[in-house]
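Everything below concerns the one structure shown next.
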Amino acid sequence: MTTVFLVWAVVTLLLTLNALRPLPVTWLSVLTFFTGWIASELAPFHLVIHLLVTAAFVSAGAVEGTAGAVALGTAAVTAIGLIVLIRQAHRVGDVVEAALREGLGDDYADHISPEFLDRHDPRVPLRALALPFRWRHKDVRRIRNVSYGPYGHRNKLDVYQPREEGSGRPVLFQIHGGGWVVGDKREQGIPLMLHMAARGWVCVATNYRLSPRATFPDHLVDLKKSLAWVREHIAEYGGDPEFVVVTGGSAGGHLTALVGLTQNDPDFQPGFEDVDTSVAAAVPYYGVYDFINDFGIKANEQRARFFLERVVMKCRRDENPDLWRKASPQALVTPDDPPFFVIHGHHDTLVPVQEARQFVAKLRSTCRGPIVYAELPGAQHAFDMFPSLRTGHVVRAVERFLDYVYSGHLSAKVEVES
């Protein structure tokens, strides 16, 4: 029993240490990501389970001799580490608020319509922490598998809308990630969409063709087709086709940035060149922003050489440099791009945080509109897959950002009409 206790204590300590200080981006990144992601986002649950299991070992007499004492001490260190993870997640509330103030101004709340401002609550409800895998909301209904194109399930979308009837509501367009090769509209962005739909937004989660069968820009063309569907049909679901914002994580963050940076570009709208595919704002999470490695990040070069060339782009960079440039968000930034809220975890072991920092620097040096950047302490890749303390703080910050942008849209609309 003492040996089992010691082995268990050492394993849980290693998992906690990996969440606190993950290894740099290497070939082990997928392993360090998965274990660190689970440990950090479910730290409150891990702490409770850890304390119960430790108490059970102690009650069973497993604390005997030197090995037992080492096991107990190791378990205590793990508990402290889990508490640190919880405190890091709680601190995200202050981090995202500081990011909004830096990007929008200290008085940004004064520019949000009172009807939206009154419903803001920075506190994360305990229900979200107690039920981290709850994918429903009593005030939200979902219409599944609406077709927008000819490619079967990969050209279908889901619509999340408030149960209360209404019209002219702002629209959130969600793009799933999965490395351009896997993923589904049912799997990502759910906490944000449920929250925003409960607040009166209409949310659209869309599928798109995936590699290796699809080759860039097939992914982006499908998303433009889905946006074209939104322009034509979203009013039938209570949405306002004149106000659409885009969000997504990982590969979805890359495509979110491209949607925001290639508005109405006919190269990505074959057969529907005249459709308006502009968006009012872009909120990419932990995205990939540099396909051509202008930023000089070693991991980016490895990603391009061993994965993108073979699976996504189907050509080397020197064979078609123009295509690679069109796939690289940082190369497409212009002064007229929409507002961005870029979100990235400091501990991301799949997409280096340096990539987000340099992309934001490019946006801020070029764009006339506001650029917000939140770098989240302790956060791994895909931290927002399910409700957690960190996710709750970020969702509420995104709500404030989107309400700021939407309030500006409404004010401009009133001025034009008057």
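Lys and Arg at +1, Asp and Glu at -1: add these up for the other residues within a Cβ distance under 14 Å of PRO284 and post the number.
Spelling it out: positives minus negatives among the neighbours equals -4.
Return the loop-located trypsin sites (Lys or Arg not before Pro) in the range 304-408 (DSSP other than H, G, I, E, B) with at most 13 other Cβ atoms within 10 Å of their own Cβ; answer none if there are none.
ARG368
Considering only the other residues whose Cβ falls under 13 Å of the Cβ of PRO266, what net charge follows from Lys and Arg at +1 and Asp and Glu at -1?
It works out to a net charge of -3.
What's the longest piece of the chain with no exposed chymotrypsin sites (Phe, Trp or Tyr not before Pro), counting a site as exposed if DSSP puts it in a loop and it has at most 10 other beta carbons within 10 Å?
Excluding the exposed sites themselves, the longest stretch runs over 134-418.
Counting Lys and Arg as +1 and Asp and Glu as -1, what is the net charge of the other residues whose Cβ lies under 11 Å from the Cβ of GLU41?
0
Taking Cα atoms, how many degrees apart are the long axis of helix 2-20 and the longest axis of the chain, rounded to 10 and kept between 0 and 90?
30 degrees
Give the angle, between 0 and 90 degrees and rounded to the nearest 10, that separates the Cα long axis of helix 29-41 from the longest principal axis of the Cα atoms of the chain.
80 degrees
What distance in nm separates the simple spin-label points at ASP274 and LEU23, each placed 7 Å from Cα in the Cβ direction?
Modelled inter-label distance: 5.7 nm.
Read-outs: derived from the displayed coordinates by stated rules, not from any lab. Worth saying up front: this structure is predicted, and the values here are computed from it rather than measured. Positions of Cβ are generated from backbone atoms using ideal geometry, with glycine treated the same way; all protein chains shown enter the neighbour counts.
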